[in-house]
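Report on the following structure.
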């Protein structure tokens, strides 16, 4: 039996509960394509390259973390946006996106997935909409060892600022561009803070708070959630004629 688009969106909305989030873009179905869903491609960002690769793979649906129609952006369908939308419509592909709901979900969320891989216990959530996590490391380590651990975890060397000689027993993290949560992390008793992006001011704050900051890449810290969501979809509809494939369009940021 074929999966229907309405069923897919309904169950994703039930899982991720976008109604509970104050977000910067619409969550759920953003562009409607075919009603029958047989081939899903997942990815971090709905870029033109992802659309082209999904179309080449015969996909009828794309599910991403970073979709379109962000608050404050130019609403006109021109330039880059026109080319993306035109290609998607020409291929008849559905675009489904979940932003903050996919950062904050307690199981398939980006931060929950980082927790599963980082080796932590006694985790608590904090910060705006409880997006950030803080937990005790099961094995305390130094800054150099944490750098190596994160390089392995995210498949890229993090940029590290702040003190280099601190023992890390308690870590805090938040995927994406959460560098300005570093003071809240310090207030939670964290010995380090891990996120994706870094700003000029982050270096000074990390030094003054005496808390190492690891900038691991926005894209790199937000790959795990969409991959976990893909596995969830494949498992949920394992009895259907459904293929779910993750495509990584690498991004150094």
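Some notes on this structure:
- Verdict on residue 212 being touching a strand residue (DSSP E or B) at 6+ places or on another chain (Cβ under 9 Å) and surrounded by fewer than 22 Cβ atoms within 10 Å (Cβ to Cβ): no
- Matching option when the condition is part of a strand (DSSP E or B), outside the structural domain of residue 25 (by TED's automatic domain parsing) and either under 27 Å from residue 233 (Cα atoms) or over 22 Å from the mean Cα position of the chain (by Cα) (or both), among 170, 117, 201: 170
- Any hit, region 121-133, residues being part of a loop (DSSP other than H, G, I, E, B) and either at pLDDT 95 or above or on the phi > 0 side of the Ramachandran plot (or both): yes
- Residue tally, condition free of Cβ contacts under 8 Å to residues at least 60 places away in the same chain and farther than 17 Å from residue 154 by Cα, over region 85-122: 11
- When the test is whether a residue is surrounded by fewer than 23 Cβ atoms within 10 Å (Cβ to Cβ) and assigned to a helix (DSSP H, G or I), residue 182 does not pass it.
- Boolean, residue 112 is assigned to a strand (DSSP E or B) and either outside the structural domain of residue 23 (by TED's automatic domain parsing) or over 18 Å from the mean Cα position of the chain (by Cα) (or both): no
- Just one of the listed residues (181, 188) is in the same structural domain as residue 113 (by TED's automatic domain parsing) and more than 24 Å from residue 224 (Cα to Cα), namely 188.
- Leading residue by the ranking (farthest from the chain's Cα centre (by Cα)) among those in region 39-68 that are part of a loop (DSSP other than H, G, I, E, B) and farther than 21 Å from residue 110 by Cβ: 58
- Checklist (1) more than 21 Å from residue 221 (Cα to Cα); (2) under 18 Å from the mean Cα position of the chain (by Cα); (3) not in a loop (DSSP other than H, G, I, E, B) applied to residue 14, failing item: (2)
- When residue 139 is tested against (1) touching a helix residue (DSSP H, G or I) at 6+ places or on another chain (Cβ under 7 Å); (2) assigned to a strand (DSSP E or B), exactly one condition is not met: (1).
- The residue that is surrounded by the most Cβ atoms within 10 Å (Cβ to Cβ), counting only those in region 69-88 that are in a loop (DSSP other than H, G, I, E, B) and more than 22 Å from the chain's Cα centre (by Cα), is 77.
- Unmet requirement for residue 107, which otherwise passes all of (1) surrounded by fewer than 18 Cβ atoms within 10 Å (Cβ to Cβ); (2) more than 23 Å from residue 149 (Cα to Cα): (2)
The values are calculated or read from the model by the stated rules, or taken from the named source; none is laboratory data. This is a predicted model, so every value here is computed, not measured. Cβ atoms come from the backbone with ideal geometry, glycine included; neighbour counts cover every protein chain shown.
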